[in-house]
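> The structure's right below; bear with me while I get my questions together.
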Amino acid sequence: MTSRQSTPLGASAIRQANLREHNLGLVLRLIIDSPVPVSRADIAVATGLTRATVSSLADRLIMASLVTELPPVMSQRAGRPAVPLVPASGTLAAVGMEINVDYLGVRVVDLSGAILGEHVESADFRGSDPVTVMHRLSDLYSHVTESIDGDVRLAGTCLAIPGLVDRMIGPVRMAPNLGWREVDVVKEFHSYPATAGVRIRLDNEATLGARAEADALRPTGTLSFMYLSGEVGIGGALVVDGAVFGGRHGWSGEIGHMVVDPAGPLCRCGSTGCLEQYAGKDALMRSAAMDLDLPVAALISAAEAGNTAALDSLAAGARALGTALANAVNLIDVENVVLGGIYAPLAPFLIPGIEDVLRLRVLSAPWSGLRVCVAEVRDYAALTGAASAVLSDVIDDPSAWLDR
Ligand SMILES: [Zn+2]
């Protein structure tokens with residue numbers, strides 16, 4: 001350390017600079033999270049910063065094309081008209097990617113939440129070869145990112161995986177329905193020339209879906225909920241005060257492998273009687289005597305037509321979901337359960353059965369106001385959540401994106 005840095009003046013200058021960067025993130029976060037456009041005066045009130053400080057920070061964000069001004073509106077107070085500030089659209093974006101059991105997807109989302117480009121490919125990835133899948137994903141990434149406006153800056157990429165990921169860079173520890181174990185997906189993604197230098201990180205699919213849902217629910221005031229994402233596997237995540245609770249390694253929320261019946265069928269995780277074996281998509285289709293490759297819409301049509309096997313399958317699925325959720329709610333005391341993935345379109349057939357079990361098994365049910373509802377983010381929530389995870393880092397520290 002040089003003597004210059006250790007002088008009180010140097011330390012104070014560093015503190016000032018840190019504070020400025022911190023405040024910059026604070027102002028950008030407020031503009032992005034606000035359900036309605038905010039003015040500089042609104043931000044000053046909300047943050048306690050002076051009007052002059054807010055103006056200077058807002059101007060820097062506007063210069064960097066992270067924030068846009070809308071036409072001025074007359075405020076009710078006397079004085080100058082207020083200029084509403086909103087997140088900029090089509091300037092800075094992030095790429096969300098997902099590998100799931102029956103599809104592969106890439107979605108580009110900007111700071112305003114607009115989808116600038118996306119592509120989802122259906123295929124069967126049960127017991128798949130990671131090298132083949134990552135090659136396809138690399139091609140899909142190139143295809144989608146090349147299709148968007150060249151002026152859009154990409155802040156990074158996050159890949160959603162239906163399994164255990166304990167570090168941002170991997171490896172994927174285990175994705176039971178893909179049949180993957182200890183796969184270094186980042187290294188694989190970087191081995192293709194088209195995606196060699198792409199900044200990429202990983203997270204669990206349900207964790208990212210829950211993040212997208214938390215973003216969508218924030219304006220409604222629902223900040224804490226249990227999120228359940230139904231696909232071939234079942235992912236879950238607990239959101240507390242707007243943030244996903246990851247647990248010690250980020251491995252929490254594996255509700256799909258909660259035990260419904262120890263004497264039940266063998267699960268792809270190696271255990272028996274897991275929730276997935278009763279309420280995962282394959283399990284629902286199988287017990288409705290339908291082809292596993294059919295979309296969930298086929299099951300809905302059959303149920304709507306009064307097909308007994310389809311209705312029985314959904315009733316059994318709802319009972320299993322209710323049982324697992326009752327255990328979870330008894331443990332963690334959460335008021336809202338949000339159904340995402342295939343459970344969103346299936347909700348009318350599932351919610352009554354789930355609620356019956358919750359009423360029976362949740363000790364606090366008569367007093368807690370427990371609600372089961374359908375996710376706001378319906379289509380490929382993890383793709384949006386993955387992009388949001390990257391953008392969130394930019395919002396917290398926008399200083400790296402100020403100089404164009
Ligand atoms: Zn299992």
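The values are calculated or read from the model by the stated rules, or taken from the named source; none is laboratory data. Given the structure is predicted, the values throughout are model-derived calculations rather than measurements. Every residue, glycine as well, gets a Cβ built from its backbone with ideal geometry; the counts of neighbours run over all protein chains shown. Note: accessible area is taken over every heavy atom of the protein model, side chains too, but ligands, DNA and RNA are not part of it. Shrake-Rupley method; radii C 1.70, N 1.55, O 1.52, S 1.80 Å.
> Rounded to the nearest 0.05, what FRET efficiency do ALA289 and ASP261 have when you use their Cβ-Cβ distance and R0 = 30 Å? Write out the running numbers ahead of the final one.
Working: r = 21 Å, r/R0 = 0.70.
Computed FRET efficiency for ALA289 and ASP261 comes out at 0.90.
> Here is a follow-up. Cα centroid distance between region 267-331 and region 147-179, in Å?
Using only Cα atoms, the two centres lie 28 Å from each other.
> Cut-off 10 angstrom, C-alpha nodes, Gaussian network model of the chain. Which of ALA155, ALA288, ALA13 fluctuates the most?
ALA13
> Quick check: pseudo-label points 7 Å beyond the Cα along Cα→Cβ at THR272 and GLU121, how many nm apart are they?
Output for this residue pair reads 3.9 nm.
> Sort LEU292, LEU266 by heavy-atom solvent-accessible area, probe 1.4 angstrom, most to least. Could you put the intermediate results ahead of the total?
Working: LEU292 50, LEU266 125 Å².
Order by accessible area, largest first: LEU266, LEU292.
> Take every DSSP beta bridge with both residues inside the chain and express the antiparallel ones as a percent of the total, to the nearest 5. Provide the component values of the computation, followed by the final result.
Numbers: 35 of 55 bridges.
Around 65 percent antiparallel, to the nearest 5.
> Let me ask something additional. For labels at SER191 and ARG136 in the simple 7 Å Cα→Cβ model, what's the distance in nm?
Label at SER191, label at ARG136, 1.7 nm between them.
> Here is a further query. For the chain, what % of the accessible area comes from carbon and sulfur atoms, probe 1.4 Å?
On the way: 10290 of 18640 Å².
Taking all protein chains in place, the chain shows 55 percent carbon and sulfur surface.
> In addition: Could you pull out the GluC sites (Glu not before Pro) across region 191-288 that fall in loop regions by DSSP (anything but H, G, I, E, B) with no more than 10 other Cβ atoms inside 10 Å? Please list the in-between numbers first.
On the way: sites: GLU205, GLU213, GLU231, GLU254, GLU276; in loops: GLU231, GLU254.
Sparse-neighbourhood loop GluC sites (Glu not before Pro): none present.
> Relative to the longest principal axis of the C-alpha atoms of the chain, give the angle of the C-alpha long axis of helix 343-361, reported between 0 and 90° and rounded to the nearest 10°.
70
> If you don't mind, there's one more thing I want to ask. Between 0 and 90 degrees, rounded to the nearest ten: what's the tilt of helix 381-396 against the longest Cα principal axis of the chain?
20
> Next question, about the same structure. Grab the other residues whose beta carbon is less than 9 angstrom from that of VAL83, score K and R as +1, D and E as -1, and report the net.
Details: positive: ARG40, ARG80; negative: GLU69.
Surrounding charge for VAL83 is +1.
> Which trypsin sites (Lys or Arg not before Pro) in region 174-208 pass both tests, a DSSP loop state and at most 16 other beta-carbon atoms within 10 Å?
Values: sites: ARG181, LYS187, ARG199, ARG201; in loops: ARG199.
Here the trypsin sites (Lys or Arg not before Pro) that fit, given the DSSP loop and packing criteria, are ARG199.
> Next question, about the same structure. What length, rounded to one decimal in nm, is gained on full extension from ALA13 through to ASN330, with 0.36 nm per residue of separation minus their alpha-carbon distance?
Working: separation 317, 0.36 × 317 = 114.12 nm, distance 5.09 nm.
That works out to 109.0 nm of additional length.
> Here is a further query. Given the options GLY264, GLY117, GLY90, which has the most mean-square fluctuation in a GNM of the chain, springs set between C-alpha atoms less than 10 angstrom apart?
GLY264
> Shifting gears a bit: Quick one: compute the contact order of region 194-240, relative version, from alpha carbon pairs under 8 angstrom and 6+ residues apart, as a percent. Numbers along the way, then the final one.
Working: 42 pairs, mean separation 17.6, N = 47.
Taking the mean separation of contacting Cα pairs over the length of region 194-240, I get 37 percent.
> Per residue, how much accessible surface does the chain expose to a 1.4 Å probe? Answer in Å², no decimals.
Values: 18640 Å² over 404 residues.
With the other protein chains kept in place, the chain gives 46 Å² per residue.
> Pairs of alpha-carbon atoms within less than 8 angstrom and 6+ residues apart define the contacts here; what relative contact order does the chain have, in percent? Numbers along the way, then the final one.
Values: 799 pairs, mean separation 64.5, N = 404.
Rounded, it is 16 percent for the chain.
> Could you check what % of the DSSP bridge pairs in region 152-263 are antiparallel, to the nearest 5? Provide the component values of the computation, followed by the final result.
Working: 14 of 19 bridges.
Antiparallel bridges: around 75 percent, rounded to the nearest 5.
> If you take every DSSP beta bridge whose two residues both sit in region 86-161, what share of them, in percent to the nearest 5, is antiparallel? Mind showing how you got there, number by number?
Details: 14 of 20 bridges.
If I count the DSSP bridges inside region 86-161, around 70 percent turn out antiparallel.
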